[in-house]
1. Within region B:1-20, how many residues are aromatic (Phe, Trp, Tyr) and buried (at least 24 other Cβ atoms within 10 Å of the Cβ)?
2. Might you check whether a residue that is within 14 Å of DNA strand C (Cβ to nearest atom), touching a residue at least 60 places away in the same chain (Cβ under 8 Å) and within 11 Å of chain B (Cβ to nearest Cβ) occurs anywhere in region A:78-86?
3. If I ask for residues that are at pLDDT 90 or above and at the interface with another protein chain (Cβ under 7 Å from one of its Cβ atoms), which ones from region A:126-143 would you list?
4. Just name the residue that is surrounded by the most Cβ atoms within 10 Å (Cβ to Cβ) out of those in region B:61-74 that are free of Cβ contacts under 8 Å to residues at least 24 places away in the same chain and within 22 Å of residue B:129 (Cβ to Cβ).
5. Would you check which residues across region B:50-64 are over 16 Å from the mean Cα position of the chain (by Cα) and either in a loop (DSSP other than H, G, I, E, B) or within 14 Å of chain A (Cβ to nearest Cβ) (or both) and list them?
6. Quick check on residue B:53: is it surrounded by 18 or more Cβ atoms within 10 Å (Cβ to Cβ) and not polar (S, T, N, Q)?
7. Condition first: within 12 Å of DNA strand D (Cβ to nearest atom), without any contact (Cβ under 8 Å) to a residue 60 or more places away in the chain and among the basic types (Lys, Arg). Now tell me which residues in region B:1-57 satisfy that.
8. Name the one entry in A:35, A:64 that is of a type in the set (A, V, I, L, M, F, W, C) and at pLDDT 95 or above.
There are 2 protein chains.
Amino acid sequence: MIKMSTKGRYGTRLMLQLAHHYGDKGQAVILRSVAENETISIRYLEQIIIPLKVSKLVKSIRGAGGGYSLARPPDQIKISEILHTLEGSCCLVECIEDEDFCPRKPYCATFEIWNKATQLLKGYFDNLTLQDVVEIDRKKKKAKPK
Amino acid sequence: MIKMSTKGRYGTRLMLQLAHHYGDKGQAVILRSVAENETISIRYLEQIIIPLKVSKLVKSIRGAGGGYSLARPPDQIKISEILHTLEGSCCLVECIEDEDFCPRKPYCATFEIWNKATQLLKGYFDNLTLQDVVEIDRKKKKAKPK
DNA sequence: CCGTTTTCAACATAATTTTATAGATTTTAT
DNA sequence: ATAAAATCTATAAAATTATGTTGAAAACGG
């Protein structure tokens, strides 16, 4: 399985929840409600949101009445940014980003094919914003309400 | 990191080695030589080659003078077959292949985007054969010999 | 034909990373 | 003060990655 880690998947869903409330007044979303809506452990979400905060994709407000919110409008957040933050990158193999990861690179044919596949993915996620996903979500919920 | 497991990566390199010797007379390749060429533990290669054998991508010959060889010509082995055997699939997320994996599917926007990304990858690996990779390899070695 | 070597085959174990949970602390609004 | 919420630290469970040990089949030399 060429799989995304749970961090990337859960993190995107978390960001999607925040995106849905972006612009609401008094809009900070608390992790507990995300945890309930998405049935993900709140403790795990805490670990996931830290890097999102560090990379300035979300803001936090502490204390009662606090919570998290997007640091920028959803149409200015690329999915590739989320993945890059949570997965390190959206590369299929480390040797693509990390120059020194593997000495075989200059004569490695498999590097070429993983690299090409990675470019395909990157191209897709670079041109996809949180706003796009919000719209997919709304359309889908409309088509099949409840 | 949306990463391929080492099984997929090492396994492809293993298959590439076998492909290079396909057609040689007395061509069975021993794992030890693959292990040395690719600097991968021979024990780990043994674990990787078992599923490749089960799915009939490689044949084995036991005993002295034995080894492994491709079960079909390299231009008739798709990279997607190798990945499917070793990774379970080349899906980014399990919910794409496994119907029952996640109940959120009917109203999950992220499913849509992981699915689309998976189709991109699948399309690429479905149209790429071991022979293609062998040619990339030969071209690369020619360009920068030794 | 017999034993030795070569190789695959099977099983068990160890190390590492990923995934997930738990408890205690700090900050802030009311 | 009190309660709500983020933050910090630790730990546990599971999967992935890797190694070690022994066994079994086939070829080969004598």
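1. Counting residues in region B:1-20 that are aromatic (Phe, Trp, Tyr) and buried (at least 24 other Cβ atoms within 10 Å of the Cβ) gives 0.
2. Just the residues of region A:78-86 that are within 14 Å of DNA strand C (Cβ to nearest atom), to begin with: A:83, A:85-86.
Going one step further and asking which of them are touching a residue at least 60 places away in the same chain (Cβ under 8 Å), we end up with A:83, A:85-86.
The next check asks that each one be within 11 Å of chain B (Cβ to nearest Cβ); those that pass are A:83, A:86.
Yes, region A:78-86 contains at least one residue that is within 14 Å of DNA strand C (Cβ to nearest atom), touching a residue at least 60 places away in the same chain (Cβ under 8 Å) and within 11 Å of chain B (Cβ to nearest Cβ).
3. Hits for region A:126-143 are A:128, A:133, A:136, A:137.
4. For region B:61-74, the residue satisfying everything is B:71.
5. Hits for region B:50-64 are B:62, B:63, B:64.
6. Criteria not met by residue B:53.
7. Once the filter is applied, which keeps residues that are within 12 Å of DNA strand D (Cβ to nearest atom), without any contact (Cβ under 8 Å) to a residue 60 or more places away in the chain and among the basic types (Lys, Arg), region B:1-57 yields B:3, B:9, B:13, B:43.
8. On the way: A:64 fails: at pLDDT 95 or above.
Exactly one residue qualifies, and that residue is A:35.
The values are calculated or read from the model by the stated rules, or taken from the named source; none is laboratory data. Because the structure is a prediction, the values reported are computed rather than measured. Ideal geometry is used to build each Cβ from the backbone, glycine not excepted, and the neighbour counts take in all protein chains shown.
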